[in-house]
Amino acid sequence: MDTELIKISKFLSYILRHHPESIGITLDGDGWADINTLLFQAALHGRTISREQLFQVIAENNKKRFTLSPCGGRIRAAQGHSTAQVSLRHTAAVPPKYLYHGTAKQFIPSIRKQGLLAGSRHHVHLSHDAETPRQVGQRHGKAVVLTVRAGAMHAAGMPFYLSDNGVWLVKYVPPLFLQPFDD
Ligand code: HQG
């Protein structure tokens with residue numbers, strides 16, 4: 001994606017995950033925004049985005065962060081929300097034995113005590129591979145990839161969800177289900 005489309009993608013993540021009110025729009029409980037309203041309100045707030053650019057971002061985004069509604073008139077972020085307007089009903093799914101979470105070295109003592117917390121987001125984000133979490137962890141400092149005993153957690157009755165774009169989501173990971181720390 002070219003730099004302009006990356007900027008638009010970041011702007012859409014900000015609006016559709018965190019602060020729809022900042023351009024005066026409201027998302028429904030499933031996170032959907034009407035595309036005409038979104039583009040109109042974005043323009044009113046100084047961000048002019050064409051429909052072509054919006055559709056290009058949906059189609060070409062490297063993590064498929066955005067979903068187009070079946071009728072083509074609405075858009076939503078696939079996951080990553082913090083806004084209270086949205087309580088997306090993700091699909092419950094049975095996880096593989098292990099999933100991975102990317103974090104930074106400075107958070108390890110706290111994670112060791114408290115487990116993985118969702119913080120301002122609605123869920124803790126887990127991945128089926130170890131490479132994506134490494135990149136995610138790097139955003140916060142020296143990357144550390146934690147192994148989550150997802151199969152055991154699920155067997156213990158904790159629900160797992162799979163987002164439209166393949167991110168595994170849980171409300172919380174107790175320390176018990178983190179692979180022993182070897183740092
Ligand atoms: C850490 C990207 C201290 C947690 C990625 C993380 C992801 C704790 C940070 C998505 C903690 C929260 C989300 C505890 C968790 N003590 N620190 N007890 N429990 N943490 O940005 O997971 O590119 O809210 O490890 O692919 O970094 O945006 O979450 O380091 O799926 O589409 O607290 O963002 O997707 O940071 O990233 P964030 P995240 P996109």
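The values are calculated or read from the model by the stated rules, or taken from the named source; none is laboratory data. Quantities reported herein were computed from a predicted structural model and do not represent experimental measurements. Heads up, the Cβs are rebuilt from the backbone with ideal geometry, glycines too, and the neighbour counts pull from every protein chain shown. Keep in mind that these areas ignore ligands, DNA and RNA; they rest on the heavy atoms of the full protein, side chains included. Shrake-Rupley method; radii C 1.70, N 1.55, O 1.52, S 1.80 Å.
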- Give me the percent of Cα-Cα pairs in region 1-54 that sit more than 12 Å apart, rounded to a whole number. 64
- Item | Two-site label geometry, residue 110 and residue 82: point separation in nm, points 7 Å out along Cα→Cβ | 1.3
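Using only the Cα atoms of the chain, what semi-axes does the equivalent ellipsoid have when each is the square root of 5 times a gyration tensor eigenvalue? Give whole Å, largest first.
Values: eigenvalues 205, 60, 41 Å².
Value: 32, 17, 14 Å, ordered largest first.
Heavy atoms only, probe 1.4 Å: what % of the accessible area of region 3-77 goes to carbon and sulfur, would you let me know? Walk me through the intermediate numbers first.
On the way: 2120 of 3860 Å².
So the carbon and sulfur contribution to the accessible surface is 55 percent.
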- Query: HN-Hα J couplings of region 75-82 from phi, Karplus 6.51/-1.76/1.60, θ = phi - 60°, integer Hz, Gly and Pro as x?
  - Reply: 9, 8, 7, 5, 6, x, 5, 10
- Report, by chain and number, residues whose modeled amide H sits under 5 Å from the one on residue 104, excluding near sequence neighbours (fewer than 5 apart, same chain). 144
- Pick from 159, 109, 20: which is most flexible by mean-square fluctuation in a GNM of the chain where alpha carbon atoms under 10 Å apart are linked? 109
- What number comes out for the charge environment of residue 17, summing +1 per Lys or Arg and -1 per Asp or Glu over other residues with Cβ under 12 Å away? +4
- Message: Taking amide H atoms as placed 1.01 Å from N in the peptide plane, list the residues 5 or more away in sequence, or in a different chain, whose amide H sits under 5 Å from that of residue 78.
- Response: 66, 67
- Note on the structure: Residue-normalised value, i.e. accessible area per residue, for the chain at 1.4 Å probe, in Å², stands at 53
- Message: Can you compute 3J(HN,Hα) from phi for each residue in region 39-44, using the Karplus curve 6.51 cos²θ - 1.76 cosθ + 1.60 with θ = phi - 60°, rounded to whole Hz and x for Gly and Pro?
- Response: 5, 5, 5, 4, 4, 4
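Would you mind telling me the share, in percent, of accessible area of region 99-177 contributed by carbon and sulfur at probe 1.4 angstrom?
Details: 2250 of 4040 Å².
Looking at region 99-177 in its full context, I get 56 percent from C and S.
Report the extension gain between residue 2 and residue 140 in nm, rounded to one decimal, defined as 0.36 nm multiplied by the number of residues separating them, less their alpha carbon distance. Don't skip to the answer; put the middle values down first.
Numbers: separation 138, 0.36 × 138 = 49.68 nm, distance 2.44 nm.
Working it through step by step, the gained length comes to 47.2 nm.
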- Item | With DNA, RNA and ligands ignored, accessible area of residue 127 (1.4 Å probe; Å², nearest 10) | 20
- chymotrypsin sites (Phe, Trp or Tyr not before Pro) within region 78-173, DSSP loop, no more than 16 other Cβ atoms inside 10 Å: 98
- Note on the structure: Dividing the helical contributions, -39500 (n - 2.57) per DSSP H run of n ≥ 4, by the residues of the chain yields a 222 nm value, nearest 500 deg cm²/dmol, of -8000 deg cm²/dmol
- Query: Ordered by residue, what ³J(HN,Hα) values in Hz, to whole numbers, does region 161-170 give under the Karplus form 6.51 cos²θ - 1.76 cosθ + 1.60, where θ = phi - 60° and Gly and Pro are x?
  - Reply: 10, 10, 6, 3, 9, x, 8, 7, 10, 9
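Rounded, prolate or oblate: which fits region 99-177, taking a ≥ b ≥ c as square roots of the Cα gyration tensor eigenvalues, rounded meaning a/c under 1.5, else prolate when a/b beats b/c? Mind showing how you got there, number by number?
On the way: a/c = 1.65, a/b = 1.23, b/c = 1.34.
Oblate shape, in that a/c is at least 1.5 and b/c is the bigger or equal ratio.
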- Could you please state, rounded to a whole Å, how far the C-alpha centre of region 163-181 is from the C-alpha centre of region 94-150? 7
- Query: Residue farthest toward the positive end of the dipole of the chain, with Cβ of Lys/Arg at +1 and Asp/Glu at -1: which of 75, 143, 20?
  - Reply: 143
- Item | Amide H contacts of residue 98 (H built 1.01 Å from N, under 5 Å, at least 5 apart or other chain) | 150, 151
